[in-house]
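J.: Have a look at this one.
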Amino acid sequence: MKWNDQHIIESIREGKEEGLVYLYQHHKPAFIAWAVPTFQIDDARASDAFQDAVIALRANILEGKYKVGGSSLKTYLFAIAKNKLLYRFKRERKEMNFEDLSESEYLESPAWESLNRSPRAQAVSKAMVMLGEPCLSILKMFYYQTFSMEVIATRLNYKNEQVVKSQKVRCMQHLRKMTIDHRKRD
């Protein structure tokens, strides 16, 4: 049988696995070829995300969440798999206890390394090292630990969250300038 999106959907709705198997086998290599260099992950991690996405796609079809005529099954499947990876990265980042790491350990951590792939990210990384306190702590707590301004104010002994917001804006302006200057030198 020559499979198309409609045939695959009908197969899944009828409780048959052939369409799902075809979808999995036909699109898995393309997803892995895209995800591995894009997210700097290994094949196994990309494969796991793809497998989870196929399961989610099946559930979405059976629950009527996938609308025929919107995106193709391949596009929909890739979007689910990409979101699965992004969710895992976010969860892993939150699970790391950055407070127990020194600055050098933090900058060598897997979460930081995963962010440090592109030339722009490398420039930001170098600027972060030179940024110093209190900016380094504020930006780490806000962007990497996803703390609220209120929590940051409390932990860093600021008067209130507005003071932290103002300081964060100044820090970001300084970081942007340093990053631009660094990229110009390279």
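J.: When you look at Ala49, is it crowded, with 16+ Cβ neighbours inside 10 Å and either modelled with pLDDT under 90 or part of a loop (DSSP other than H, G, I, E, B) (or both), yes or no?
T.: When the stated conditions are applied, Ala49 does not pass them.
Per-residue answers, yes or no, for (1) over 19 Å from the mean Cα position of the chain (by Cα); (2) surrounded by 12 or more Cβ atoms within 10 Å (Cβ to Cβ):
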{"position": "Met1", "(1), (2)": "yes, no"}
{"position": "Asp5", "(1), (2)": "yes, yes"}
{"position": "Glu18", "(1), (2)": "yes, yes"}
{"position": "His27", "(1), (2)": "yes, yes"}
{"position": "Gln40", "(1), (2)": "no, yes"}
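J.: Tell me, which helices (runs of 4 or more DSSP H) wholly within region 103-166 include 2 or more residues that are modelled with pLDDT of 65 or more, surrounded by 15 or more Cβ atoms within 10 Å (Cβ to Cβ) and outside the structural domain of Arg91 (by TED's automatic domain parsing)?
T.: Filter on region 103-166 gives 119-131, 135-139, 149-155.
J.: So, Ile9, is that one of a type outside the set (Gly, Ala, Ser) and either in contact with a His (Cβ under 6 Å, 6 or more places away or on another chain) or farther than 16 Å from Asn83 by Cα (or both) or not?
T.: Judged against the criteria, Ile9 is a match.
J.: Taking Val54 as the residue in question, decide whether it is touching a helix residue (DSSP H, G or I) at 6+ places or on another chain (Cβ under 8 Å), surrounded by 12 or more Cβ atoms within 10 Å (Cβ to Cβ), in the same structural domain as Arg91 (by TED's automatic domain parsing) and assigned to a helix (DSSP H, G or I).
T.: Yes, satisfied.
J.: Filter region 131-162 for residues that are over 26 Å from Arg91 (Cβ atoms) and touching a helix residue (DSSP H, G or I) at 6+ places or on another chain (Cβ under 7 Å) and give the result.
T.: If the condition is that a residue be over 26 Å from Arg91 (Cβ atoms) and touching a helix residue (DSSP H, G or I) at 6+ places or on another chain (Cβ under 7 Å), then Leu131, Pro134, Cys135, Tyr158, Asn160 are the ones that fit.
J.: List the residue pairs whose Cβ atoms are under 9 Å apart, where the first residue sits in region 121-143 and is more than 15 Å from Ser166 (Cα to Cα), the second is charged (D, E, K, R) and surrounded by 16 or more Cβ atoms within 10 Å (Cβ to Cβ), and the two are 6 or more positions apart or on different chains.
T.: Every condition considered, the pairs that remain are Met128/Lys140.
J.: Still on this structure, I have one more. Can you spot a residue in region 22-35 that is over 27 Å from Gln145 (Cα atoms), modelled with pLDDT of 85 or more and among the charged types (D, E, K, R)?
T.: yes
The values are calculated or read from the model by the stated rules, or taken from the named source; none is laboratory data. Treat the numbers as computed from the prediction; the structure is a model and nothing was measured. Here Cβ is always computed from backbone atoms with ideal geometry, including for glycine, and neighbour counts include all displayed protein chains.
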